[in-house]
Amino acid sequence: MFVDSVKIHVKAGDGGNGGSFFLHEKYVAMGGPSGGNGGRGGSIIFVGDEGLSTLLDFRYTRIIKAERGQNGMDKNMFGKAGKDVYVKVPIGTTILDANTNVVIGDVTKHAQEVVVAEGGRGGKGNAAFATSRNPAPEYAEKGVPGVERDLQLELKVLADVGLVGFPSVGKSTLISVVSQAKPKIASYHFTTLHPNLGVVGVGDGRSFVIADLPGLIEGASMGAGLGIKFLKHIERTRVIVHVIDMSGMEGRNPVEDYQKIRNELLQYDENLGSRPEIVVANKMDLPSSNENLSKFIAKTGIQDVVPISAYTKTNLKQLVYKIANTLDEVKKLKPLEENLQEVVEYNFIPKKPDFEIYRSDDGYYHVVGEGVKKIFERTNFENEASVRFFAKKLRDMGVDKKLKELGVKNNDTVYIFDYIFEFID
Ligand SMILES: Nc1nc2c(ncn2[C@@H]2O[C@H](COP(=O)(O)OP(=O)(O)OP(=O)(O)O)[C@@H](O)[C@H]2O)c(=O)[nH]1
Ligand SMILES: [Mg+2]
């Protein structure tokens, strides 16, 4: 089964909490604060792997989690970091945030790494907060939660060359005789249900990757047949090899076949019109092919048709050379990366204000925003010192000032996420 689109959930490890401890040593009545920092949570990292060709593994693993960091311990011992989780993905995988559709990364090379969910930082232990004014703080930070998000993974085959054409024209037969690929070949339409990749050695040291794609039919760009699902793979190939069954068997008309497929490609993406195309006349071993080829050239005006027989392996070397030469020309003009979607850096997050305050219809104040959330998540509300620290941070951030500007009075209710506070000046 070929899986080229899948939605998964990732949850990086939370940072361990900072410890809040005091040294209790023999004969020392009250030692100093000694809570160590919490460990970092494990991150989730995707790694390009050329041995994989589908996203099938994700069918069975829809949720990926990394370990949390260990809590900070007594005697200034730091918690251990959570282990990072490495997940192999095929080359050509685009990773998107499923909710925003922002591209997180494009895996285009073997061993390339993309951090898809970063582990949370560990909280600082109380030892880290000792100052001359407060030599014995009880306060310790909580760890930062690890990034949690839904991901959409899209696999687009990364081949140099894509074989396109109607069903049964001989695309799979062709790839099977020019490469090691062993796709299914049969006389019924839509034998090929997913792209097959093969590496073609030219014989002079050059090589290229060719993709055998499922057959296209009229209306493919609108979803007919296997349709649009596979047209997207053609987007990323540098050269299109358009295979035509020149025998005209089954009542087929090679000229019409050519024009229909061309039309579907253009309907799908007009940029495909300028992609270099090599027209291949296949099944030249059959009786009517020669005559049809002459007519084809006369009607379409395309002089440069490569006649072959995949079945009798005729003229394949000439075709392979022609493809390799065309690729060399294209590579000179345009590196493959230019065809890829623009990559948005993982760390790029639009800057939002630290907090925002709004008033709901019932008269309550609500404080929201990323900055406040960060502090909120690190606060242990069962610990008084920690809560005091939280209040101070909000004041420093300007939340109190803004609330007063908005008319808040003593004892008014202020919501900060799911917690209710009373405003006290
Ligand atoms: N006579 C002759 N038959 C061929 C040639 N190439 C392929 N065939 C036959 O045509 C039929 C279809 O071949 P495939 O290679 O499966 O065709 P395809 O284009 O991959 O078809 P789909 O996967 O359905 O799109 C098979 O029965 C092949 O044996 C050729 O050069 N000459
Ligand atoms: Mg096929």
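Each Lys and Arg adds +1 at its Cβ and each Asp and Glu adds -1 at its Cβ; summed about the Cα centre, the chain shows a dipole of about 740 debye. Calculate what fraction, in whole %, of the accessible area of the chain sits on carbon and sulfur atoms when a 1.4 Å probe is rolled over the protein chains. Whole-percent figure for carbon plus sulfur exposure: 51.
Taken per residue, the accessible surface of region 356-422 reaches 64 Å², heavy atoms only and a 1.4 Å probe. The solvent-accessible area of residue 379, taken with every protein chain present and a 1.4 Å probe, is close to 10 Å².
Taking a Cβ cut-off of under 14 Å around residue 177, the surrounding Lys, Arg, Asp and Glu residues balance to a net charge of +3, with basic ones at +1 and acidic ones at -1. Name the lysines eligible as straight-distance cross-link partners of residue 11: C-alpha to C-alpha under 19 Å, and not fewer than 8 places from it in the same chain. Cross-link targets: 65, 80, 83, 88, 142, 373, 374.
Charge tally around residue 67: other residues with Cβ under 11 Å, Lys/Arg +1 each, Asp/Glu -1 each, net +4.
How much FRET efficiency would the formula 1/(1 + (r/R0)^6) give for residue 47 and residue 410, where r is the Cβ-Cβ distance and R0 is 60 Å, rounded to 0.05?
Numbers: r = 56 Å, r/R0 = 0.94.
Approximately 0.60, to the nearest 0.05.
Once the chain from residue 288 to residue 7 is taken as fully extended at 0.36 nm per residue, the excess over their C-alpha distance is 96.3 nm.
How would 284, 246 rank on accessible area, largest to smallest, probe 1.4 Å? Let's see the in-between values first.
Values: 284 35, 246 0 Å².
Output order, biggest surface exposure first: 284, 246.
For an R0 of 56 angstrom, estimate the FRET efficiency from the Cβ-Cβ distance between residue 274 and residue 374 and round to the nearest 0.05. Once the sixth-power term is evaluated, E becomes 0.70.
Roughly what % antiparallel, to the nearest 5, for the DSSP beta bridges in the chain? Intermediate results must be reported in sequence, preceding the final value.
On the way: 36 of 63 bridges.
Antiparallel: roughly 55 percent of the beta bridges in the chain.
Solvent-accessible surface (1.4 Å probe) assigned to residue 409 amounts to roughly 130 Å².
Counting only heavy atoms of the protein chains and using a 1.4 Å probe, residue 147 has close to 50 Å² of accessible surface. Take the Cα of residue 189, step 7 Å toward its Cβ, do the same at residue 232, and the gap between the two points is 2.4 nm.
Students sometimes get this wrong: rank 415, 311 by accessible area, probe 1.4 Å, all chains present, largest first.
Details: 415 65, 311 180 Å².
Sorted descending by solvent-accessible area, the residues read 311, 415.
Using a cut-off of 9 Å between beta-carbons, work out the net charge of the residues near residue 88 (Lys and Arg +1, Asp and Glu -1, residue 88 not included).
On the way: positive: none; negative: 49, 57.
Every neighbour counted, the sum reads -2.
Taking amide H positions as modeled 1.01 Å from N, with prolines and chain starts lacking one, the residues under 5 Å from residue 116 and 5 or more places away or on another chain are 44, 45, 46.
Taking 0.36 nm per intervening residue step and subtracting the Cα-Cα distance, what contour gain separates residue 300 from residue 202 on full extension? Could you put the intermediate results ahead of the total?
On the way: separation 98, 0.36 × 98 = 35.28 nm, distance 2.94 nm.
Taking residue 300 through residue 202 to full extension adds about 32.3 nm, to one decimal.
Karplus-derived 3J(HN,Hα) values for region 78-95, using 6.51 cos²θ - 1.76 cosθ + 1.60 with θ = phi - 60°, are 7, x, 6, 6, x, 6, 6, 10, 9, 10, 7, 10, x, 5, x, 7, 9, 10 Hz; glycine and proline are entered as x. For residue 104, the residues 5 or more places off, or on other chains, whose built amide H falls under 5 Å of its own are 95, 96, 97.
Starting from the residue with the highest accessible area, list 52, 163 in decreasing order, probe 1.4 Å.
These residues rank, largest area first, as 52, 163.
Structural size metrics of region 5-155, computed from C-alpha coordinates, are Rg and Dmax of 20.1, 66 Å.
Please calculate how many Å² of accessible area region 178-266 carries per residue, with a 1.4 Å probe and no DNA, RNA or ligand atoms counted. Could the numbers behind the result be given before it?
Working: 3770 Å² over 89 residues.
Roughly 42 Å² per residue, with all protein chains present.
Projecting the Cα positions of 71, 323, 368 onto the charge dipole of the chain (unit charges on Cβ atoms of Lys, Arg, Asp and Glu, taken about the Cα centre) puts 71 furthest along the positive direction.
For region 275-323, the per residue solvent-accessible surface stands at 53 Å², with DNA, RNA and ligands left out and a 1.4 Å probe.
Once you order the gyration tensor axes a ≥ b ≥ c over the Cα atoms, which shape class does the chain get: rounded for a/c under 1.5, otherwise prolate or oblate by comparing a/b with b/c? Show your work: numbers first, answer last.
Values: a/c = 4.07, a/b = 2.65, b/c = 1.53.
Verdict is prolate for the chain.
The values are calculated or read from the model by the stated rules, or taken from the named source; none is laboratory data. Remember, predicted model here, so these are calculated numbers, not experimental data. For neighbour counting, all protein chains shown are included, and Cβ atoms are generated from backbone atoms with ideal geometry for every residue, glycine included. When the accessible area is computed, the model is the full protein with side chains, heavy atoms only, and any ligands, DNA or RNA have been set aside. Shrake-Rupley method; radii C 1.70, N 1.55, O 1.52, S 1.80 Å.
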